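The structure appears below as structure tokens.
The values are calculated or read from the model by the stated rules, or taken from the named source; none is laboratory data. On a predicted model such as this, the values are computed, not experimentally measured, just so you know. Virtual Cβ from ideal backbone geometry, glycine too; neighbours counted across all protein chains shown. Surface accessibility is based on the protein's heavy atoms, side chains included, excluding ligands, DNA and RNA. Shrake-Rupley method; radii C 1.70, N 1.55, O 1.52, S 1.80 Å.
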Amino acid sequence: MAIQGVIFDMDGLMFDSEKLYYQANLAAAKTMQLSFPTSFYHQFIGASDGYMMELLIDALGERSQAERFVDLTYQNIQLALQQGKLVKKPGLDALLAYLDQHQIPKIIASSNFKSKIKQFLAAAHLKHAFTKIVSFDDVSQGKPAPDLFEKAHVLLGTPATKTIVLEDSLNGLLAAEAAALPCVIVPDLIKPTQTMQAKATAIVPDLFAVRDLIKKSH
């Protein structure tokens, strides 16, 4: 299978941003004098902001409290971006360079909002690396629904069997499966489960390995 198109998740896949989100959530929780266990945060990984809001409303009991928590979190993330704390995942630059060199089309499909995606790309000096982005603004449902990846695949215009989705989360993997697209997992905060091992096309240690996987496919 010669890979002809690549769909990128963003958070936890391109950037070490899940740790930023977690630290921002912890700081927001501290400000509001709330408990915020790691296990609760893990439910957010790979999911949409809408789903996160539902979990927060359920946990905090009031929408106003949930909205304050999210606002404080975003303020903390903005500060982290300004302080240059956004770190690219190992191999990202090498993978992007390889795809560009061999004219293999790529696109971002992220559960994040487009404004946030563009902020992250700018902070990482990758503002012009992607000409196509699909975000939560563009679909009615985020991951694990297939909408993001289905729309991204249409925009890429490459055969489904020769298009890979790059993901780090179970929610992303389930979305790729629902969109009938092969998915390669690059683990981030959560170690791959048996379900992920069974459903993923491959599980690799980093984006250098993704580049090598694509090389071998040609």
- Message: Please determine whether any residue of the range 55-70 is hydroxyl-bearing (Ser, Thr, Tyr) and in contact (Cβ under 8 Å) with a residue 12 or more places away in the chain.
- Response: no
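Could you say which residue among 149, 130, 113, 136 is modelled with pLDDT under 95 and within 14 Å of residue 9 (Cβ to Cβ)? Reasoning before the result, please.
On the way: 149 fails: modelled with pLDDT under 95; 130 fails: modelled with pLDDT under 95; 113 fails: within 14 Å of residue 9 (Cβ to Cβ).
That would be 136, the only listed residue that is modelled with pLDDT under 95 and within 14 Å of residue 9 (Cβ to Cβ).
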- A careful count of residues in the range 1-19 that are in a loop (DSSP other than H, G, I, E, B) and either of a type in the set (Lys, Arg) or at pLDDT below 90 (or both) gives 1
- Is there a residue in the range 106-115 that is open to solvent by 10 Å² or more (accessible area, probe 1.4 Å) and more than 16 Å from the chain's Cα centre (by Cα)? no
- Where residues in the range 130-164 are among the aliphatic types (A, V, I, L, M) and in contact with a Pro (Cβ under 7 Å, 6 or more places away or on another chain), which of them is surrounded by the most Cβ atoms within 10 Å (Cβ to Cβ)? 164
- Task: Assess whether residue 59 counts as being open to solvent by 10 Å² or more (accessible area, probe 1.4 Å), at pLDDT 95 or above, in a helix (DSSP H, G or I) and among the small types (Gly, Ala, Ser).
- Result: no
- Those residues of the range 71-105 which are in a loop (DSSP other than H, G, I, E, B), within 16 Å of the chain's Cα centre (by Cα) and among the basic types (Lys, Arg) amount to 89
- Message: For the range 14-54: of the residues being surrounded by fewer than 20 Cβ atoms within 10 Å (Cβ to Cβ), among the polar types (S, T, N, Q) and in contact (Cβ under 8 Å) with a residue 24 or more places away in the chain, which is farthest from residue 142 (Cα to Cα)?
- Response: 31
- Candidate set: the range 172-218, residues that are of a type in the set (Lys, Arg) and open to solvent by 70 Å² or more (accessible area, probe 1.4 Å); chosen: the one nearest to residue 6 (Cα to Cα): 215
- Query: From the set of residues in the range 82-97 that are free of Cβ contacts under 8 Å to residues at least 60 places away in the same chain and surrounded by 15 or more Cβ atoms within 10 Å (Cβ to Cβ), which is nearest to residue 213 (Cα to Cα)?
  - Reply: 96
- Within the bounds of the range 42-56, is there any residue that is among the polar types (S, T, N, Q) and over 17 Å from residue 119 (Cβ atoms)? yes
